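Working notes, beginning with the structure itself.
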Amino acid sequence: MSEILKQLQEVVIVGEADQAQELAAQALEADIAPLTVIEDALNPGMEIVGDRYECGDYFIPDLVMAAEAMKAAMRVLDPALTARQEQRHVLGTVVIGTIEGDIHEIGKSLVGTMLSAAGFQVHDLGVDVPPVEFVKQVQETEANVVGISALLTTTMLNQEAVIEALEEAGLREQVKVIIGGAPTGPEWAQTIGADAYAENANEAVERVKELLGV
Amino acid sequence: MEDILSRLKNGPVIVADGAMGTMLQAAGLPTGMSPEGWLLENPKPVRDVHQAYIEAGANMILSCTFGGTRVRLEHGGLAERVSEINRRAVEIAREAAAGSAYVAGDIGPLGQLLAPLGRFTYEQAVEVFAEQARALVDAGVDVLYIETMSDLNEMRAAIQGARQAAPRASIFATFSFDRHGRTNMGVHPKQAAETLLSLRVDAFGANCGATLEMTEGAVAEMHEAAPHTPLIAKPNAGKPHMDIEQREVVYDAAPEDMAEYARRFVALGARVIGGCCGSNPAHIAAIARAVT
């Protein structure tokens, strides 16, 4: 791998947005294809960030900063892709939101950030999202995955309502459902018929990849 | 009642209350409604929860104002009622306490990342916390109780806001340690203790948390970093798991487990001990028996 890409990967890992943008530009000047930059520097960098989070070296600020660095690099790479009529490989389309009645935002947004960084198209519906809104968004975006966050022991019961609404709309076969939030867990996912549970944003990326086989 | 700071200094240990939200849900709080929004029309169930904890042996109850900042209340369209809601919540707590328990003005996190990670600036946070603290102090709380924080900067903003609103108010401050022994923002207990020492709050410690063990570890580290500071331990009743048949979340620590940990917390310098998520009056009664 070229020195530039090595450096770019490193600055993504440590979350230096300005340097990431600068190095991405340098890579293009050195005639490295934008897709190569993404696949050889950015993606593996974000995977290392995920590993460091998993083992407790990294925490939320590190994830956010790394994702910001990746975004900064993409601001340079996206126009280059467009110019070459290329596209970043989209791994899938994910609709996420915090369930109706629940206004917890940080965890859900972090899941969106990490999924975007990993190459998914993410539609974040925000917080306090009624089941019908999830359904509507799945229809509009032809999403493959729905992610539902709930941070309260009461609101988690509404996660099931989303799954029921997807069934009623005849969409359950086309989407995988993943849930998360402090009081939820794998048993709860099983109980309500979700396909997966993720404990944190990094795990969410892993699980969604598994669900879609990508 | 003696001043809360002299009680803190001279003992005995102050027994704090347990969970509020789950108790209110059992009393009819509708799903998705904030306790703060509900209490205006439903003061009695809130007062009953406070009373249940006092009867169980709590010497200090937290006002039902965890989500009482403008930032949290605006989700329910209540941003312009910060002052009214916080005052009313303290009134209800004071009615329940009837002079026999301390009333702590509860202040929780904003639920937003502060800049540079998020859009919310430090200065905005200070202002928002000051607004809530002013209402709590005006309504007559014995102490401001800032809890469940993960971010050192947000804690600083809350303390600065509290001081701005009420320079002489007593302040208790706790972080939630729930990831590899640190807060989810990566704050070490030692780092938390050093910061809170420098900010000269009256007591500090750990609440919520992933497990009782993790809270114990955090309190131990804080004690080492600040051996002369009265510490606070207000952990969850263990870990949540799903009772599939009942379709409800249960926390796995029994009252006796909480009592056992309460004894350990006392040995580690804790002078305020209670419960957080999943705890109920039975847990608090067991803690009270264990430490007094």
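The percentage of C-alpha pairs in segment B:4-291 whose separation is greater than 31 Å is 19%.
Sorted from fewest to most neighbouring beta carbons within 10 Å, what does the list A:ASP57, A:ASP128, B:ASP17 look like?
Ordered by Cβ neighbours within 10 Å, fewest first: A:ASP57, A:ASP128, B:ASP17.
If segment A:23-65 were replaced by its equivalent ellipsoid, with semi-axes equal to the square roots of 5 times the Cα gyration tensor eigenvalues, what would those be, largest first, whole Å?
Working: eigenvalues 139, 21, 7 Å².
Here the semi-axes work out to 26, 10, 6 Å.
In order along segment A:39-52, the Karplus-derived 3J(HN,Hα) couplings, from 6.51 cos²θ - 1.76 cosθ + 1.60 at θ = phi - 60°, round to 6, 9, 10, 6, 4, x, x, 5, 5, 5, 4, x, 4, 5 Hz, and Gly and Pro are given as x.
Under the simplified labelling scheme, the B:LYS9-A:GLU167 pair shows an inter-label distance of 6.3 nm, with each label point 7 Å from Cα along Cα→Cβ.
Roughly how crowded by other chains is peptide B:75-83, in terms of the mean Cβ count from those chains within 10 Å of each of its Cβ atoms? Provide the component values of the computation, followed by the final result.
Working: counts 5, 2, 0, 0, 0, 0, 0, 0, 0.
Partner-chain Cβ atoms within 10 Å, mean over residues of B:75-83: 1.
Helices in chain A, meaning DSSP H runs of at least 4 residues, each add -39500 (n - 2.57). Divided by all residues, the mean residue ellipticity at 222 nm is -17000 deg cm²/dmol.
Normalising by the residue count of segment B:4-291, find the relative contact order in percent from Cα pairs under 8 Å and 6+ residues apart.
Working: 640 pairs, mean separation 54.6, N = 288.
Once divided by the residue count of segment B:4-291, the mean separation gives 19 percent.
Could you state, as a whole-number percent, how many of the C-alpha pairs of segment A:3-83 are farther apart than 22 Å? Value for segment A:3-83 (Cα pairs over 22 Å): 18 percent. Taking the Kirkwood radius as Rh and the Cα radius of gyration as Rg, the protein assembly as shown has a ratio of Rg/Rh equal to 1.00.
Close amide-amide hydrogen proximity is noted between A:ILE96 and A:HIS123, A:ASP124, A:LEU125, A:GLY147, each under 5 Å apart and 5 or more residues distant or on a separate chain (H modeled in the peptide plane; Pro and chain starts excluded). Restricting the calculation to alpha carbons of segment B:173-251 gives Rg and Dmax of 14.0, 49 angstrom. Counting only C-alpha contacts under 8 Å and six or more residues apart, can you give the relative contact order of segment B:82-154 as a whole percent? Reported relative contact order: 46 percent.
Let me know the Kirkwood hydrodynamic radius for segment A:79-156, please, with Cα pairs as the basis and the value in Å to one decimal. Provide the component values of the computation, followed by the final result.
Numbers: mean 1/r = 0.0753 Å⁻¹.
Every distinct Cα pair counted, the radius reaches 13.3 Å.
Longest stretch of chain B clear of exposed loop sites (trypsin sites (Lys or Arg not before Pro), DSSP loop, at most 10 other Cβ atoms within 10 Å, sites excluded): B:1-118.
Among A:MET65, A:MET46, sorting on how many other beta-carbon atoms sit within 10 Å of each Cβ, with the fewest leading, yields A:MET65, A:MET46.
For segment A:93-212, the relative contact order is 28 percent, taking Cα pairs closer than 8 Å that sit 6 or more residues apart in sequence and dividing their mean separation by the residue count. Report the label-to-label distance for A:THR36 and B:TYR122 in nanometres (one decimal), using points 7 Å from each Cα along the Cα→Cβ vector. Calculated label separation equals 4.4 nm. For the segment B:116-124, counting C-beta atoms of other chains within 10 Å of every residue's C-beta and taking the mean gives 2. When only alpha carbons are used to place a centre, segment A:121-185 and segment B:74-131 end up 30 Å from one another.
When only alpha carbons of segment A:83-214 are considered, Rg and Dmax amount to 13.7, 50 Å.
Largest first, the extents of the alpha carbon coordinates of segment B:16-150 on the three principal axes equal 45, 30, 25 Å.
Computed from the coordinates by the stated procedures, all read-outs in this text should not be read as laboratory data. Just so we're clear, the structure is a prediction, and the values are computed from it rather than from any experiment. Here the Cβ is made from the backbone with ideal geometry for all residues, glycine too, and neighbour counts use every protein chain on show.
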